[in-house]
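The values are calculated or read from the model by the stated rules, or taken from the named source; none is laboratory data. The model shown is predicted, which means the values in this text are computed figures rather than measured ones. Every residue, glycine as well, gets a Cβ built from its backbone with ideal geometry; the counts of neighbours run over all protein chains shown.
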Amino acid sequence: LVLLSCLFFLGKLIYVLYLPVPGLLVQAEMTESFFWIPAIYVLSLFIPSLNAARNITFIFFAAMTLCSVGYAALNGWTAQTGGVLFALTEMLLANLTLLTLTQAFIGYKDRLSGIQAQAQTLERLVDTDLLTGLPSRLRLERELDEAVGRHEAFTLLFIDVDGFKMVNDTLGHSAGDEVLREFAARLRAALKTRDLAARIGGDEFVVVVKGTSPTWATVLAQQLLAGLAVPFTVRGQQVQLSASIGVSAYPDDGQDTETLLRHADAAMYQIKRAGRNGVRRFDAALDAQLERTVLLTREFQSALAREQLTLVYQPIYHLETGEMSKIEALLRWNHPEFGEVSPGVFVPIAETSGQIMSVGRWVLERACMQARRWREAHGWAGTVTVNVSPVQFAQPGFVDEVKQALLLSGLPAYKLELELTEGAVMQSPALVQAALRGLQRLGVEITIDDFGTGYSSLAYLRDLPIGCIKIDRSFIEDLAAPRRAPQYAVALITAIVGIARTLDLRVVAEGVETVAQMEAVRSFGCDFGQGYYFARPLDAEHLTELLDRGLPGAQTDWQKRLN
């Protein structure tokens, strides 16, 4: 329509200018044409292609200008042509004004269309997993929230691909991506149109089955397992995978999206623990503890970034002199919802999730820096001890991490002591020896923690550069418990101290809580004592106060009793 209008008015202008008809009022015809020309510019705004709209209006204005210039060149300014030329000039100025406005509106429309297209693209990116083309976690949660708001019954299948890490490790990540795409395609093929399959991260998928009972959804999950059992072909190789599927249903297993996902996740983890490749419905009675573990595992991933991790310090005293010879740095997790989480709970989580490397590095650096401050500001000449996870110790760059922490803190290496468990020094003997020799060259001392409860291969005490052993607290507890046959604890502690003396090792008794225990371990020949009898773990500020009270002329109660 715009093109035809342009051709019509352009043709009319040529006709009235170059083919005059007797009695034709040129100026009047031009005024009438000028009245209709704005409609062309308005119509051009509705052309879907913005470039085409710009081109049409520019060409039309250029053609009108050329016609007018040609007429002026041929006829000049005379009494007869003066009115026509004036009308042409008016029309061209009006056209130029309208063209400028049209271009401005088209530019605005162009920018608006670009913003809308960008918003639509971003929405697709947010709502779609780019690798598989499935809906993302954000879209999944939005649809689940809407279904919950409508009180529409549905069942969740939380799917984790078994053995996917092996594909990445052996065939490469690009091969793993191919498997995930094929996995997603099989999910889509097995579902009805109203059902939803989403990828929520890594090798985890969630299927929402609407309008069916949980029993039927469990049957569907079994069918999915059967379909996934068909080998995947990746780069000419057959890859056999399975899946662990946890099931939760609304409203029976939860009243909101977060709870339902968490419950299905917990049921899936039970399948993982039971051997994988199966389907399990959430059971509140059986899954409560596991659900908490799963939740803590996810929460711990951001605990360090959210500054929920802190260090406390427990003194270790020399049993003969009463000096605070060592201070052990202990990690604590204070969660805003769960409160103080026991190290016995979160340390295994950190080790299995891989977070122990970054957390262990942070603990090492913070402990060394604090020890340097005590050394410089308070004149403390003791040693700081830091526990090292077997997972952290097994890393190839662990010695370099220790060296870096010492350089950052300025703490002398001989004032740092690392505590390892027996299990840590017994695995991969060649690697362990290399790491321990590297630490020995730095000047760092090694202590074996919880001695007597591990592998009990005493040869490593002779062959490895170990300077100290800590008797496990369970033996100390037995000293004051008649029902636990304390004579066995006495025999074991005596034997451990005897071995240590022979190998020129120092001995720390940990878990000392009473005067009787303190006197007993001292009489057995232990060098150091640690436990609630001496002091509980304290934050840096309170430990500093205790440190100042332990300086000459300001002794603690137990030190006075010792003297």
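Conditions tested, residue by residue: (1) of a type in the set (Gly, Ala, Ser); (2) in a strand (DSSP E or B); (3) at positive phi.
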residue	(1), (2), (3)
313	no, yes, no
317	no, yes, no
325	yes, yes, no
329	yes, yes, no
346	no, no, no
349	no, no, no
358	yes, no, no
363	no, no, no
Tell me, yes or no, whether the stretch 163-179 has at least one residue that is within 22 Å of residue 260 (Cβ to Cβ) and touching a residue at least 24 places away in the same chain (Cβ under 8 Å). no
It is to be established whether one or more residues within the stretch 179-199 are within 20 Å of residue 149 (Cα to Cα), at pLDDT below 90 and of a type in the set (S, T, N, Q). no
Could you check, for the stretch 90-99, whether at least one of its residues is among the aliphatic types (A, V, I, L, M), within 30 Å of residue 117 (Cα to Cα) and at pLDDT below 80? yes
Within the stretch 34-92, the count of residues that are part of a helix (DSSP H, G or I) and either under 60 Å from the mean Cα position of the chain (by Cα) or not assigned by TED's automatic domain parsing to the domain that holds residue 7 (or both) comes to 20
Take the residues in the stretch 274-289 that are surrounded by fewer than 16 Cβ atoms within 10 Å (Cβ to Cβ) and touching a residue at least 12 places away in the same chain (Cβ under 8 Å); name whichever of them is farthest from residue 332 (Cα to Cα). 276
Answer from 394, 405, 413 - the residue that is under 17 Å from residue 467 (Cα atoms), assigned by TED's automatic domain parsing to the domain that holds residue 358 and out of contact with any strand residue (DSSP E or B) (no Cβ under 7 Å at 6 or more places or on another chain): 413
In the stretch 146-187, how many residues are in contact with a helix residue (DSSP H, G or I) (Cβ under 6 Å, 6 or more places away or on another chain) and within 17 Å of residue 207 (Cβ to Cβ)? 7
Step by step: first the residues of the stretch 126-159, then only those that are touching a residue at least 60 places away in the same chain (Cβ under 8 Å), touching an Asp or Glu at 6+ places or on another chain (Cβ under 7 Å) and surrounded by fewer than 20 Cβ atoms within 10 Å (Cβ to Cβ), then the one that is nearest to residue 266 (Cα to Cα). Which residue is that? 148
Residue count for the stretch 221-239, restricted to those that are touching a Leu at 6+ places or on another chain (Cβ under 9 Å) and within 29 Å of residue 282 (Cα to Cα): 6
Exactly one condition in (1) in a helix (DSSP H, G or I); (2) modelled with pLDDT of 85 or more; (3) among the charged types (D, E, K, R); (4) closer than 28 Å to residue 179 by Cβ is not met by residue 280; state its number. (1)
Would you confirm whether or not the stretch 131-146 contains a residue that is modelled with pLDDT under 90, touching a strand residue (DSSP E or B) at 6+ places or on another chain (Cβ under 6 Å) and of a type in the set (Lys, Arg)? yes
When you look at residue 340, is it buried (at least 19 other Cβ atoms within 10 Å of the Cβ) and either within 29 Å of the chain's Cα centre (by Cα) or touching a residue at least 40 places away in the same chain (Cβ under 8 Å) (or both), yes or no? no
Exception for residue 513 within (1) assigned to a helix (DSSP H, G or I); (2) in contact with a Phe, Trp or Tyr (Cβ under 9 Å, 6 or more places away or on another chain); (3) at pLDDT 90 or above falls at (1)
Failed item, numbered, when residue 217 is tested on (1) buried (at least 18 other Cβ atoms within 10 Å of the Cβ); (2) farther than 27 Å from residue 285 by Cβ: (2)
Scan the stretch 443-451 and give yes if some residue there is in contact with a Ser or Thr (Cβ under 6 Å, 6 or more places away or on another chain), modelled with pLDDT of 85 or more, assigned by TED's automatic domain parsing to the domain that holds residue 497 and not hydrophobic (A, V, I, L, M, F, W, C), otherwise no. yes
Given the criterion in the same structural domain as residue 281 (by TED's automatic domain parsing), surrounded by 15 or more Cβ atoms within 10 Å (Cβ to Cβ) and touching a Pro at 6+ places or on another chain (Cβ under 8 Å), identify the matching residue among 234, 208, 239. 239
Selection count, the stretch 1-17, where residues are surrounded by fewer than 17 Cβ atoms within 10 Å (Cβ to Cβ) and in a helix (DSSP H, G or I): 8
Condition test on residue 361, is it of a type in the set (D, E, K, R), touching a helix residue (DSSP H, G or I) at 6+ places or on another chain (Cβ under 8 Å), within 25 Å of residue 293 (Cα to Cα) and at pLDDT 90 or above? yes
Do the conditions hold for residue 500, that is, is it within 16 Å of residue 385 (Cβ to Cβ), surrounded by 19 or more Cβ atoms within 10 Å (Cβ to Cβ) and modelled with pLDDT of 80 or more? no
For the subset of the stretch 348-370 comprising residues that are closer than 14 Å to residue 303 by Cα and surrounded by 21 or more Cβ atoms within 10 Å (Cβ to Cβ), which member is farthest from the chain's Cα centre (by Cα)? 363
